[in-house]
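J.: Sharing a structure, written as structure tokens. Questions coming.
The values are calculated or read from the model by the stated rules, or taken from the named source; none is laboratory data. On a predicted model such as this, the values are computed, not experimentally measured, just so you know. Cβ atoms come from the backbone with ideal geometry, glycine included; neighbour counts cover every protein chain shown.
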Amino acid sequence: MVKKRCDPATTPARLRNAHQETTKHARAISDANWGELVRQLEYKADWYGRELITLDRYFPSSKRCSNCGHVVEKLPLNIREWDYQECGSHHDRDINASINILAAGLAVSACGARL
Ligand SMILES: [Zn+2]
């Protein structure tokens, strides 16, 4: 597989920033050793007699409006706040994602919903 690299001389600044943000985000997750984090969560959940609910990695937690459930098509990582005109909601990306993740986890826990 051949990786494409951004040429800073020909890439617009907006795209360079988005690419750098994506790379930085991926590196942060890799540095955190995601597998070890999941293993620790499973261990702690078992220790305390709790249920660990995991969501599909493609669950649109950031792109889903936590007010009405609409999912926007694209939401680049550099967009930290967004509005959904149809329901008049304003969202902080991370807070919106946390609301959606909590709602999904509760739906799975209470109703056995499949996501
Ligand atoms: Zn909405």
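J.: Could you give every pair whose Cβ atoms fall below 6 Å, whose first residue belongs to region 84-98 and is more than 13 Å from VAL72 (Cβ to Cβ) and in the same structural domain as CYS68 (by TED's automatic domain parsing), and whose second residue is within 8 Å of the ligand (Cβ to nearest atom) and in a helix (DSSP H, G or I), counting only separations of at least 6 or pairs across chains?
T.: Once the first residue is more than 13 Å from VAL72 (Cβ to Cβ) and in the same structural domain as CYS68 (by TED's automatic domain parsing) and sits in region 84-98, no partner that is within 8 Å of the ligand (Cβ to nearest atom) and in a helix (DSSP H, G or I) comes close enough.
Quick grid of which residues meet (1) in a strand (DSSP E or B); (2) hydrophobic (A, V, I, L, M, F, W, C); (3) more than 13 Å from the ligand (Cβ to nearest atom); (4) within 13 Å of the chain's Cα centre (by Cα):
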position	(1), (2), (3), (4)
PHE59	no, yes, yes, yes
GLU73	no, no, yes, no
VAL108	no, yes, yes, no
ALA113	no, yes, yes, no
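J.: Additional query: Outside the structural domain of ARG114 (by TED's automatic domain parsing), more than 11 Å from the ligand (Cβ to nearest atom), assigned to a helix (DSSP H, G or I) and more than 17 Å from the chain's Cα centre (by Cα), is that true of LEU37? Steps first, please.
T.: Values: outside the structural domain of ARG114 (by TED's automatic domain parsing): yes; more than 11 Å from the ligand (Cβ to nearest atom): yes; assigned to a helix (DSSP H, G or I): yes; more than 17 Å from the chain's Cα centre (by Cα): no.
No.
J.: Check off (1) of a type in the set (A, V, I, L, M, F, W, C); (2) outside any helix (DSSP H, G or I); (3) surrounded by 15 or more Cβ atoms within 10 Å (Cβ to Cβ) for CYS68 and give me the number that stays unchecked.
T.: Of (1) of a type in the set (A, V, I, L, M, F, W, C); (2) outside any helix (DSSP H, G or I); (3) surrounded by 15 or more Cβ atoms within 10 Å (Cβ to Cβ), only one is false for CYS68: (3).
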